1. Among the residues of the range 518-534, write down those that are more than 21 Å from THR496 (Cβ to Cβ), open to solvent by less than 10 Å² (accessible area, probe 1.4 Å) and not in a loop (DSSP other than H, G, I, E, B).
2. Could you tell me how many of the residues in the range 174-193 are over 19 Å from TRP239 (Cβ atoms) and in a strand (DSSP E or B)?
3. If you scan the range 352-378, which residues turn out to be more than 23 Å from VAL474 (Cβ to Cβ), outside any helix (DSSP H, G or I) and either open to solvent by 40 Å² or more (accessible area, probe 1.4 Å) or of a type in the set (Ser, Thr, Tyr) (or both)?
4. For the range 394-442, give me the residue count where each residue is free of Cβ contacts under 8 Å to residues at least 40 places away in the same chain and hydrophobic (A, V, I, L, M, F, W, C).
5. Which ones in the range 49-73 are within 18 Å of PHE426 (Cα to Cα), among the hydrophobic types (A, V, I, L, M, F, W, C) and in contact with a helix residue (DSSP H, G or I) (Cβ under 7 Å, 6 or more places away or on another chain)?
6. Taking the range 94-122, which residues are closer than 22 Å to SER449 by Cβ and in contact (Cβ under 8 Å) with a residue 60 or more places away in the chain?
7. Exactly one condition in (1) closer than 26 Å to ASN48 by Cα; (2) in contact with a Phe, Trp or Tyr (Cβ under 6 Å, 6 or more places away or on another chain) is false for VAL105; which is it?
8. Pick from the range 84-142 the residues that are farther than 22 Å from ALA425 by Cα and small (Gly, Ala, Ser): which of them is surrounded by the most Cβ atoms within 10 Å (Cβ to Cβ)?
Amino acid sequence: MTDTLTNKLTGMLQQIYPALDVQWLAGELLGAMDLAEDAQGPPAHRNNWDESDVLLITYGDSVQRPGEKPLRTLKQFLDDCLADTVSGVHVLPFFPYSSDDGFSVMDYRAVNESLGDWEDIRAIARDYKLMADLVINHMSARSRWFENFRRRAHPGKDYFYETDPTQDLSEVVRPRTSPLLVPVQTDDGERYVWCTFSEDQVDLNFANPQVLVEFVQIMRFYLEQGVRIFRLDAVAFLWKEPGTSCIHLQQTHEIIKVLRLLVEHHTPQAILITETNVPNRENLTYFGNANEAHVIYNFSLPPLLINTLVSGNCRHLKTWLMSMPPAQMGTTYLNFIASHDGIGLRPTDGLLTDDEKQALIHCLETFGGKVSYRRLPAGGNQPYEINISLWDALKGTEESGPDQWQLQRFLCAHAIMLALEGIPAFYIHSLLGTGNDYARVEHTGRLRSINRSQWDLETLERELDNPISRHNQVFHQLKRLIALRRQQPAFHPNATQFTLHLGLKIFGFWRQSMRRDQSIFCIHNITDEVQQVALADINLIGTDHWRDLISGLEIDDLSGSLTLKPYQAVWLANR
């Protein structure tokens, strides 16, 4: 088995480092992952998930209690309120950091003392599938590695990407408007380091194979702490070559293959998720041939679904869904509508026109949203994301503005997400119905803070216990939808999915369990008006008994019609 593993590994490494002794490097990487001589990988195309998998996305300190480390408070909240609701938890970067709410890591092997310690992380991992960030593209300018870079000492001297500012960088794709190259004084004089995201986030140099070895060691350490899902942050930008776009380069794809190969031989249940906030067709490439990411974020879903619900027209969402290839067994999508970041606009490239994007931006700005920009290769800036809480993003429509259907619209969005092919993930502030946090934006000076509130646990518990509180209504109704979803074989992340054609005001699709013994027709009114759907148009099988899982409505007459209230979701199932 070791010979087979080594052969696979050297073949990948040859693509990345053609001038190096890849046999030596393969041995270093196998040692870094501490693989046994007879290490076995999982069977090909095995799914490490099923319909019961639902993730929570949260910062380590999104829920707090005075006098207690936030990770312990989070564990208590999970156990008390969500143990029967979520199977896994993505705790956003919990390491010591210098900026970007954790994504400028100073020490990959430490837990931020203000949050807790490794035992707190292991405690969460014992009861939930723990997802952690591998912030692999860049590191803090205040890290020990970067201090060593300045001092020209090891480890760190050759760990960061530097280049000559006279090189042609005109094709480089940027997600920000900040300078790409930053001058740094070192003991060898001035150097220009590459900073894709900010001056404090210096890109690592994977052309130095020792950096790859370091990250394999880090991943093994995380596995030993209980991490089972790795989110490869900003991985699309990993490999740089001046004169190119420096995004999605083949070496980046080969590095992901290497990481997957090593991780799954150490822990066959482990999962790699690539975070690539890019146009849809580019995003799909990170599945590789079922040998790169196990899971990719469905980045086009949030802006398209929000656009659908505020415009009352599902044409683009339906077109996109029809174009999405079924994921091979052993791979799937991660579906989400909101996250710690904003609503990305790049994933709508080729899916929405410029005018439609502008209409969406204008609508969400009237609902209190803010817009972040990115620098274009040819110069000038372009809207990159809309910063807004999901609760406020769905408070009305483009045509009429805020209305009385906010809760129904919000629940409809999540009913769609829960039913789609893939694993659903809920950002904690969506699950709690948290609104725009303008005070936090003012405090931090960062637009993304609008959706990064922090709850006092006692206050939150009062809200969740108050039957007239919107937080109570959102939380308990979403928990009910999640509970229903987790019981349906037809909602397995890899179960069959077909798009239904029911006009532009009704968004529908059909799911069928892998054993073909359960069908669910997911029908959603995406408008603020009552809609009628002829049951004959859905093609329900006449010999089966049909029931709406959400409302309990029994369907007896297949020649009749279905009346849908504004934003009502129906899951018609035959068992």
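1. Passing the criteria: ASN525, VAL533.
2. Going residue by residue through the range 174-193, those that are over 19 Å from TRP239 (Cβ atoms) are 177-179, 182-191.
Filter again for in a strand (DSSP E or B), leaving 182-186, 189-191.
Summing the residues that are over 19 Å from TRP239 (Cβ atoms) and in a strand (DSSP E or B) in the range 174-193 gives 8.
3. THR353, SER372, TYR373, ARG375, LEU376, PRO377, ALA378
4. 1
5. Our first condition is that a residue be within 18 Å of PHE426 (Cα to Cα); within the range 49-73, this holds for 49-63.
Restricting the remaining residues to those that are among the hydrophobic types (A, V, I, L, M, F, W, C) gives 49, 54-57, 63.
The answer is VAL54, LEU56, ILE57, VAL63.
6. Residues satisfying the conditions are SER98, SER99, ASP100, ASP101, PHE103, SER104.
7. (1)
8. SER104
The values are calculated or read from the model by the stated rules, or taken from the named source; none is laboratory data. What you see is a predicted model; the values in this text were computed from it and never measured. Glycine gets a Cβ as well: all are built from the backbone with ideal geometry, and neighbour counts include every protein chain shown. Only protein heavy atoms, including side chains, enter the accessible area calculation; ligands, DNA and RNA are left aside. Shrake-Rupley method; radii C 1.70, N 1.55, O 1.52, S 1.80 Å.
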